[in-house]
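Q: Okay, handing you the structure first.
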Amino acid sequence: MKSKLKILLLTLIIISCKNEVKKNVIDENFCSNELEIIIDENRIVINKEGNFGTLETNQKTQPKSFKLTRNETNILFSQAFKLITLKEYTIHTKSCYAGQKFTLRLNCIDKSLEFHQLSVESWSKISKETKGIYSILKNKIKIEE
């Protein structure tokens with residue numbers, strides 16, 4: 001009787017301690033709390049929930065805030081995700097790091113997705129996604145093309 005109880009208990013322990021494989025599906029909502037765009041020394045941060053953004057420059061001035069519509073915010077995040085997940089694109093670079101440093105990052109609490117280029121000729125001309133991002137931001141803030 002004791003041996004049957006031990007076998008049953010051992011079987012229950014083995015069954016309850018299964019290894020679970022957790023799949024992370026990277027879809028458009030995978031990481032969409034905050035969008036960060038860094039162009040050289042300028043940093044733009046867009047908050048999805050609040051539909052606003054801030055521009056921080058390398059100067060010692062206060063960050064400039066700007067308002068976005070819900071639609072503009074959704075387009076920016078969607079274009080950023082598409083850029084990060086692009087499989088093929090052409091980048092015109094400059095030698096000796098004379099071009100723009102460009103980083104686009106979707107931030108969440110415990111993860112980030114990023115697209116980074118060290119020396120691009122013009123960040124807004126990398127893809128149709130960056131053109132879309134630029135067309136929205138240029139109407140809100142003074143931004144380099």
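Since every read-out is calculated from the coordinates, none of them should be taken as a lab result. Since the structure is predicted, the reported quantities are computational estimates derived from the model, not experimental observations. With ideal geometry, Cβ positions are generated from the backbone for all residues, glycine too; neighbour counts draw on all protein chains shown.
Q: Just round it to a whole percent: the fraction of Cα-Cα distances in segment 64-112 exceeding 15 Å. Don't skip to the end; give the middle numbers.
A: Working: 777 of 1176 pairs.
Cα-Cα pairs of segment 64-112 separated by over 15 Å account for 66 percent.
Q: So, one more: Could you tell me which of the pairs K60/K131; K60/K94; K48/K111 are separated by over 26 angstrom between their Cα atoms in the structure shown? Please report the intermediate quantities before stating the final value.
A: On the way: K60/K131 29 Å; K60/K94 29 Å; K48/K111 16 Å.
Beyond 26 Å between Cα atoms: K60/K131; K60/K94.
Q: Okay, moving on. Can you give the local net charge around H116? Use residues other than it whose beta-carbon is closer than 12 angstrom to its beta-carbon, Lys and Arg +1, Asp and Glu -1. Walk me through the intermediate numbers first.
A: Numbers: positive: K101, R105; negative: E36, E114.
Residues close to H116 contribute a combined charge of 0.
Q: Please state, as a whole number in µm²/s, the translational diffusion coefficient that the Stokes-Einstein equation yields for segment 56-143 at 37 °C and 0.692 mPa s, with Rh defined as the Kirkwood radius across alpha carbon pairs. Write out the running numbers ahead of the final one.
A: On the way: Rh = 14.4 Å.
D = 229 µm²/s.
Q: Which trypsin sites (Lys or Arg not before Pro) from segment 50-145 combine a DSSP loop assignment with at most 13 other Cβ atoms within 10 Å? List each step's numbers first, then the result.
A: Values: sites: K60, K64, K67, R70, K82, K87, K94, K101, R105, K111, K125, K128, K131, K138, K140, K142; in loops: K60, K87, K94, K111, K138, K140, K142.
Those satisfying the criteria are K60, K87, K94, K111, K138, K142.
Q: Could you tally the net charge around Q100, taking each other residue with its Cβ under 14 Å from the Cβ of Q100, Lys/Arg +1 and Asp/Glu -1?
A: Numbers: positive: R43, K94, K101, K125; negative: D40, E41, E121, E144, E145.
Once positives and negatives cancel, what remains is -1.
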